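Below is one structure; the comments refer to it alone.
Throughout, read-outs are computed from the coordinates displayed, never taken from laboratory work. The structure displayed is predicted, hence computed values, not measured ones. Counting neighbours? That spans all protein chains shown, and the Cβs are built from the backbone with ideal geometry, glycine included.
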Amino acid sequence: MADYSYNAVMARKNEIMKKAVGIDYSKFQTSTIAFDYEKMMRETGYTLQEVQEIQRSVGVGNTPLLELKNLTALVRKISPKGKGARIFLKDEACNPSGSFKDRRAAVSVYHAKKLGYKGVVAATSGNYGAAVASQAAMRNLDCIIVQECYDSRKVGQPEILEKQRKCECYGAEVVQLTVGPELFYTFLRILEETGYFNASLYSPYGIAGVETLGYEVAMQCREQIGKDPDVVVITHAGGGNVTGTARGLIKAGAVNTKVVGASVDLTGLHMASDKDFNRKSFTTGHTGFGIPFATWPDRSDVPRSAARPLRYLDRYVTIKQGEVFYITEALAQLEGLERGPAGNTSLTAAFYLAQEMDEDQIIVVQETEYTGAGKHHMAQLSFAKENGIEVKFGNPEDERAGTNIILPEHPSLIRARDVDLIKLKKSYIKNCIENYKVDEITEKDAEFLAEDTKLTLEEVKNILSEINVKVVK
Amino acid sequence: MEIVKKGTYVQVHQIVLNVGERAANLPEETQKVPLEMWVKGYLNHDAKLGDEVEITTLTNRVVKGKLVEVNPCYKHDFGKFVPEILKIGQDLRRMLKDGE
């Protein structure tokens, strides 16, 4: 009989994953650290045209690009003369399950069906669960979603409880856990027991699915405005949204468009803490994922993540929880669009970034998400108060995640705060050296690190020499 | 206590990892509590609330656990009214109209 103890199952991780994702990652490995990323995307993914067809067949994508005229007018009221870019919003809430995650799920579930799997499993507490469940329903596959949902008092985060309901309404089975990274153990056991496909967010399919989003943004800007966007702002968590969107922009030829990532600042809260779990008002799109996944993308549930945000980010900013709730209300009140708060992370950043840009420039926010009970700024602020978080008007600079939520006293107090990308890139390189346990690397590894961080080979070599790592032939 | 009939849709609770079995490098407050799991499915035999039971889930998996809820329902909502939210809209609409 198989050993189902924690250590035994974790030791079988690679074997279980190989069966559940159907990709032999070893064939893309070119050196100790290096692997051929583009080859992996080409050989295991789908072409843009194929993805467009798959998505069209299930009603995913081709969402409207809306100009936010009143928010732009508000930006111009608080900007220096001549500043205040036009803000456009890609209304991804129009996808079947209510978020851009349908794009990722559409390709993963299509692939699972094609390979003959009877069902799909995904480990997610977010919109991706609903997306996989919805796509599985369309393709007549079984679906299990594994969620981190409750603290040890069995108090559930309202947003995750809503996601449970939505997954179940599409016929999925939802397995709910308390806080902790050992969710992965339960996930592996279910994969092993069922033989279902791992609809990982980080597979080449999951990323190829988002490429259409970036592609549509570029094409719609050309059709509606007659030019490429100057800036696209993308909510950053696990890295797939940034990676896929940026790749899509490049495939459309929008190579001068700046790619800006945005996360909610949850500094000070521990993601594996039973106490902190319900002291945060965002369950994704925050720095608790954004920074670790940028500095070590291969922490995901597949051996080599296809989501590699440092390859594409031109700038990375953070915003505060209170600022996002404020902008969520502003979107409803000024634009008549009631959308979920987590999806408005990038909109909040854009509200500030537009003030730095000229009036004739274009800034695109590339997502929205559905809203409803639990998944709403009213539900989140009420829940925060119940958990002892102070909610008040003031200067967002004074917000401390887990202690208070500060709604800006005035919209001019909203800021996007720059994260030092060079620091993240150095940290990623250092993590590679530590995790692969090497003290010298090959020229090929160094070249890979340059590609993977959007740095020059010389810059990578300088960073390596700072940490006493030699590059050998 | 009332008997819950075989075939009723229920939720069960299971301890996945006990205190002491949890992964290393967890914050202390998480180390001190077990990893718990809740799953829903059809009851495989008559039982009472609190009994150790066996269920069959929607994907035909058989799962054991303590019977904690019968016909489990959704209780999440929009929370209590948060008056601060109303002020945001009023402020912004005034600002746009009056040109502050």
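The table that follows gives values for the structure above.
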| read-out | value |
| --- | --- |
| Size descriptor, Kirkwood hydrodynamic radius, that averages inverse alpha-carbon separations across the stretch B:9-75, Å | 13.0 |
| Linear extension gain, residue A:81 paired with residue A:49, 0.36 nm per residue minus alpha-carbon span | 7.2 nm |
| Residues A:94, A:167 arranged by fewest to most Cβ contacts within 10 Å | A:94, A:167 |
| For residues of A:167-174, the mean tally of beta carbons on other chains within 10 Å | 3 |
| Candidate lysines - alpha carbon under 16 Å from residue A:166, same-chain residues fewer than 8 apart omitted | A:101, A:375, B:40, B:75 |
| Magnitude of the charge dipole, the protein assembly as shown, Cβ model with Lys/Arg +1 and Asp/Glu -1, debye to 20 | 540 |
| Euclidean distance between Cα centres, the stretch A:336-362 to the stretch A:166-216, Å | 29 |
| Cα shape, the stretch A:361-400, gyration tensor, a/c 1.5 rule | oblate |
| Rounded, prolate or oblate (a/c below 1.5 giving rounded, otherwise prolate when a/b exceeds b/c) for the stretch A:424-472 by Cα gyration tensor | rounded |
| Degrees separating the helix B:83-98 axis from the principal Cα axis of chain B, which is the longest one | 30 |
| Radius of gyration, Dmax [the protein assembly as shown; alpha carbons; angstrom] | 23.6, 75 |
| For the stretch B:1-24 and the stretch A:238-255, distance of Cα centres in Å | 43 |
| Lysine pair number, Cα distance threshold 15 Å (strictly under), the stretch A:424-472, separation 8 or more or different chains | 10 |
| Helical mean residue ellipticity (222 nm; -39500 (n - 2.57) per DSSP H run of 4+; nearest 500) of chain B | -6000 deg cm²/dmol |
| Dipole of the stretch A:424-472, positive direction: furthest Cα of A:424, A:449, A:460, with charges on the beta-carbon | A:424 |
| Backbone HN-Hα couplings from phi across the stretch A:220-228 [Karplus 6.51/-1.76/1.60, Hz, Gly and Pro as x] | 5, 4, 4, 5, 8, 10, x, 7, 6 |
| Two-site label geometry, residue B:32 and residue A:193: point separation in nm, points 7 Å out along Cα→Cβ | 3.1 |
| Charged-residue dipole, Cβ positions (Lys, Arg, Asp, Glu), the stretch B:9-75 about Cα centre, Debye nearest 20 | 160 |
| Sum of side-chain charges, residue A:315 neighbourhood, beta-carbon under 9 Å (Lys, Arg +1; Asp, Glu -1) | -1 |
| Mean residue ellipticity (222 nm) of chain A, computed from DSSP H runs ≥ 4 via -39,500 (n - 2.57), nearest 500 | -13500 deg cm²/dmol |
| Shielding score for A:371-383, defined as the mean number of other chain Cβ atoms within 10 Å | 5 |
| The stretch A:300-330 and the stretch A:447-467: distance between their alpha carbon centers, rounded to Å | 23 |
| Calculated Rg and Dmax of the stretch A:119-230 using C-alpha coordinates, Å | 17.0, 55 |
| Restricting the stretch B:1-51 to GluC sites (Glu not before Pro) in coil, as DSSP defines it, with at most 10 other Cβ within 10 Å | B:2 |
| Mean projected area (nm²) of the alpha-carbon convex hull when the stretch A:211-355 is viewed from all directions | 9.5 |
| Estimated dipole of the stretch A:125-269 in Debye, rounded to 20 [Cβ of Lys and Arg +1, of Asp and Glu -1, Cα centre] | 260 |
| Cβ neighbours within 10 Å from other chains - mean over B:88-94 | 6 |
| Neighbour-count ranking [beta-carbon atoms within 10 angstrom, fewest first] of A:142, B:46, B:98 | B:98, B:46, A:142 |
| Where labels lie 7 Å past Cα in the beta-carbon direction, separation of residue B:75 and residue A:15 in nm | 4.3 |
| Local net charge near residue A:30, Cβ-Cβ under 12 Å (Lys/Arg +1, Asp/Glu -1) | -2 |
| Relative exposure of A:128, A:4, A:170, A:326, judged by other C-beta atoms within 10 Å (fewest first) | A:4, A:170, A:128, A:326 |
| The stretch B:9-75 - percent relative contact order, Cα under 8 Å, separation 6 or more | 40 |
| Extension gain (nm, one decimal) between residue A:443 and residue A:140, 0.36 nm per residue minus Cα-Cα | 104.3 nm |
